[in-house]
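The values are calculated or read from the model by the stated rules, or taken from the named source; none is laboratory data. Quick caveat, the model's predicted, so the values are computed rather than measured. In this analysis, Cβ positions are derived from the backbone assuming ideal geometry, glycine residues included, and neighbour counts consider all displayed protein chains. SASA here: full protein model, heavy atoms, side chains in, ligands and nucleic acids out. Shrake-Rupley method; radii C 1.70, N 1.55, O 1.52, S 1.80 Å.
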Amino acid sequence: MSSSSAGSDRKVVVYQMLVRLFGNQNSTNKHYGSLQENGCGKFSDISDKALDELKKLGVSHVWYTGVIEHATMTDYSAYGIKNDDPDVVKGRAGSPYAIKDYYDVDPDLAVNVKDRMKEFGDLVARTHKHQLKVLIDFVPNHVARTYHSDARPAGVKDFGEEDNKAKAFDPRNDFYYIPGKSFTVPKGVNAGGDGFSTQLKDGRFNERPAKATGNNVFAADPSVNDWFETIKLNYGVDYQNGEKKHFDPIPPVWEKMRDILLFWASKDVDGFRCDVAEMVPVEFWHWVIPQVKEKKPGIVFLAEAYDPKQYRKYLTTGKFDYLYDKVGLYDGLKRLIRNEPKADVRDISYVAGVESKNFSSRMLRFLENHDEERIASSGFAGNPWLAVPAMVVSATLSGGPVMIYFGQEVGEPGKGNEGFGTEDNRTTIFDYWGVPEHQKWMNKGAFDGALLSEDQKKLRSFYSALLNFSASSEAVHKGKFFELNNQKGFNKKTYAYLRYTTKERLLIVVNFDRKKQLKTKLVIPQQVLPALKLKADSDVEPIQVLTGEKVSAVKLTEGIPVDVLPSGAAIYKF
């Protein structure tokens, strides 16, 4: 199976950060705390030193999450920004996926609110100065219920401005409507918690006729578990009538969204992580991505995707560069890390050999992001070291991108009931908060890790060694893949494979067993030896690349000796 990745000499390594949290040094962490109480990171906190350290970690792309202005409970009316009704906002800070103005950045992230767009531009320039690329979110499926663009360029029509609200569906409408019905705030909503009160917090939101909710709820009364804070955008699909498609003429939402993408591309961003991309018709992506790439060649489109049956379509017809590999590799690896009864390395084998065969280099692999549980949380692994074999697989199984989430590299456990997110093993995207283990690495803006424990420093060194090696290795980035089956001493918790080119050969061995060390000799099948430029009686002298440890020279006929600790991994260059 070929694993070559197009367009670059290095593997893409993505570092996701929530800008609101990344630079926040405040450690108050009050439940449902305000910006003044709990603090907020700024664009300017992402300093030259911070970026230099990310570069040293092996990162190539920084995904700045939460850049575009979204609905919030924080009052910016003094700056001409209309207040949002808190009854349709999740958390004091608000979800970065409930966009309020597509042509503006979040005022929370600016030192000087009036200069917020310049401060974002300075961050983009600073990031580029460190030879790092900038990714931001594009949220195409829905907008905040309080959407109103006060920063849109002259002549740009706002969403819904020309809608015929008497129709439940019209291909020329931007939204879907529930005629004759008023929107009902879900039962159980307590905006900002018991300690928060404003005139607008009254359990009501004036929206008549009600609009359909972002997660395809075509009713006026979504539940508290729905995306009730968002409105579904209309791409010309009549969901309530057999999902009939009306794409000719081009729906107005398509054109509005193209213009938004071009606006941010003109701000010198290098790519977009496209939220719930499969909830938007693939025909839109087929139409829009080439137009953006024509204006800015090389710009990257990464899709959040969850349906393996649709993967190939969104890569070919949809023209995405990369897709999430969540349903598949992530889910299988999580079972192995957690030592679940159904955990089996055959899940890795299935992903490599079947599910993403021939396009594995276009799948983004990860163990954490803002939606998922923290590895070090009590609900996932508890101990971040238990993820070592899974992280090695994520980084080396193909030439495609690998991603980590800020704090993952120091074992951030996502503890605390921050507010809307509750105690859920995740770092909040809804509230103002400090991220304690990450703050130790940040060390009051020195970004030198001085406050980390020795164990955390070792963990970060592991990530650095793995990411830097994976990024620069030709075999990982462009090499072929060969799975090693039927090896002595192997079971459903041990897995090995080769990655190789004519210039570099790697043997990668992972052991998910929490108790048993893997000590055996691996036999490389005869049929792959010519491709490795080896003969059966060749002498090899493997080096463990993550530690620098050398293994004594051996003849291939004897097998390559491997020694892997419980919940460990080894990458041998031979």
Once amide H atoms are placed 1.01 Å from N in the peptide plane, what residues at a sequence separation of 5 or more from Y32, or on another chain, have their amide H within under 5 Å of its amide H? G419
Along the charge dipole of the chain, pointing to its positive end and built from +1/-1 on Cβ of Lys, Arg, Asp and Glu, which listed residue (G195, M73, T317) has its Cα farthest out? T317
In order through region 516-533: 3J(HN,Hα) via Karplus (6.51 cos²θ - 1.76 cosθ + 1.60), integer Hz, x for Gly, Pro: 9, 6, 9, 10, 7, 10, 8, 9, 8, x, 4, 5, 9, 4, x, 5, 8, 6
Debye, to nearest 20: dipole size of region 296-388, +1 on Lys, Arg Cβ, -1 on Asp, Glu Cβ: 340
Out of all DSSP beta bridges in the chain, what portion is antiparallel? Express it as a percent rounded to 5. 60
Computed over the Cα atoms of region 305-350, the Rg and Dmax in Å are 12.7, 38
What part of the accessible area of the chain, given as a whole %, is carbon or sulfur when the probe is 1.4 angstrom? 48
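For region 240-334, just say rounded, prolate or oblate: build the C-alpha gyration tensor, square-root its eigenvalues into a ≥ b ≥ c, call rounded for a/c under 1.5, and beyond that prolate if a/b exceeds b/c, oblate if not. Spell out each step's value before the answer.
Numbers: a/c = 2.23, a/b = 1.17, b/c = 1.91.
It comes out oblate by the Cα gyration axes.
So if I place +1 on the C-beta of Lys and Arg and -1 on the C-beta of Asp and Glu, and nothing else carries charge, what would the dipole magnitude of the chain be about its Cα centre? I want it in debye, nearest 20.
Details: 79 positive and 76 negative charges, 395 e Å.
Around 1900 debye, computed over the chain.
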Please compute the contact order of region 68-184 in relative form: average sequence separation of alpha-carbon pairs under 8 Å and at least six residues apart, divided by the residue count, as a percent. 23
For region 111-180, what is the charge dipole size about the Cα centre, in debye to the nearest 20, if Lys and Arg each add +1 at the Cβ and Asp and Glu each add -1 at the Cβ? 260
Taking the alpha-carbon centre of each part, the distance from region 227-261 to region 501-526 in Å is 49
Average the reciprocal distances over every distinct pair of alpha-carbons in the chain, invert the result, and give the Kirkwood radius in Å. 25.0
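So which GluC sites (Glu not before Pro) in region 233-305 are both in a DSSP loop and have at most 14 other Cβ atoms within 10 Å of their Cβ? Show your work: numbers first, answer last.
On the way: sites: E243, E255, E278, E283, E294, E304; in loops: E243, E304.
Counting only loop positions with at most 14 other Cβ atoms within 10 Å, the GluC sites (Glu not before Pro) in region 233-305 are E243.
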Overall dimensions of region 333-437 as given by Cα atoms, namely Rg and Dmax in Å: 14.8, 43
Remind me, relative contact order of the chain in percent, using alpha carbon pairs under 8 angstrom and six or more residues apart? 16
Send over the semi-axes of region 401-545's equivalent ellipsoid, whole angstrom and largest first, taken as the square roots of 5 times the C-alpha gyration tensor eigenvalues. 40, 18, 15
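For region 138-235, compute the orientation-averaged projected area of the C-alpha convex hull (one quarter of its surface), in nm².
Hull-based average projected area comes out at 7.4 nm².
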Leading residue at positive end of dipole, the chain (Cβ point charges), from A154, A553, G400: A553
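Work out, in µm²/s and without decimals, the Stokes-Einstein translational diffusion coefficient of region 447-495 at 10 °C, 1.306 mPa s, Rh from Kirkwood over C-alpha pairs. Don't skip to the answer; put the middle values down first.
Numbers: Rh = 14.1 Å.
So the translational diffusion coefficient is about 113 µm²/s.
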Just the number, please: percent antiparallel of the DSSP beta bridges in region 202-358, rounded to the nearest 5. 40
Considering only C-alpha atoms, what is the centroid distance from region 69-132 to region 306-351, in Å? 33
Phi to ³J(HN,Hα) by Karplus 6.51 cos²θ - 1.76 cosθ + 1.60 over region 290-300, Hz, x for Gly, Pro: x, 5, 5, 5, 5, 6, 9, x, x, 5, 9
The ³J(HN,Hα) series, computed from each phi in region 225-242 with the Karplus coefficients 6.51, -1.76 and 1.60 at θ = phi - 60°, rounded to the nearest Hz and given as x for glycine or proline, is 8, 7, 7, 5, 7, 10, 10, 6, 8, 9, 9, x, 9, 8, 4, 8, 10, x
Evaluate 2.2 N^0.38 Å with N set to the residue count of region 65-199, then give the Cα radius of gyration divided by it. 1.20
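Where both residues lie in region 234-323, what percent of DSSP beta bridges are antiparallel, nearest 5? Show your work: numbers first, answer last.
Details: 2 of 8 bridges.
Approximately 25 percent, going by the DSSP bridge assignments.
For region 249-368, what is the accessible area per residue in Å² when the probe is 1.4 Å? Write out the running numbers ahead of the final one.
On the way: 4420 Å² over 120 residues.
I get 37 Å² per residue for region 249-368.
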Normalised by the number of residues in region 399-523, what is the relative contact order in percent for Cα pairs under 8 Å and 6+ residues apart? 16
A correct Stokes-Einstein calculation for region 490-574, using the alpha-carbon Kirkwood radius, 20 °C and 1.002 mPa s, returns a whole-number D in µm² s⁻¹ of 162
Which lysines have a Cα lying under 23 Å from the Cα of K55, excluding residues fewer than 8 positions away in the same chain? K11, K42, K129, K133, K267, K440, K444, K457, K458, K478
Cα-based Rg then Dmax for region 39-115, in Å, read 14.4, 43
For the chain, whose charge dipole is built from +1 on Lys and Arg Cβ atoms and -1 on Asp and Glu Cβ atoms, the candidate among V217, N491, L18 with its Cα farthest towards the positive end is N491
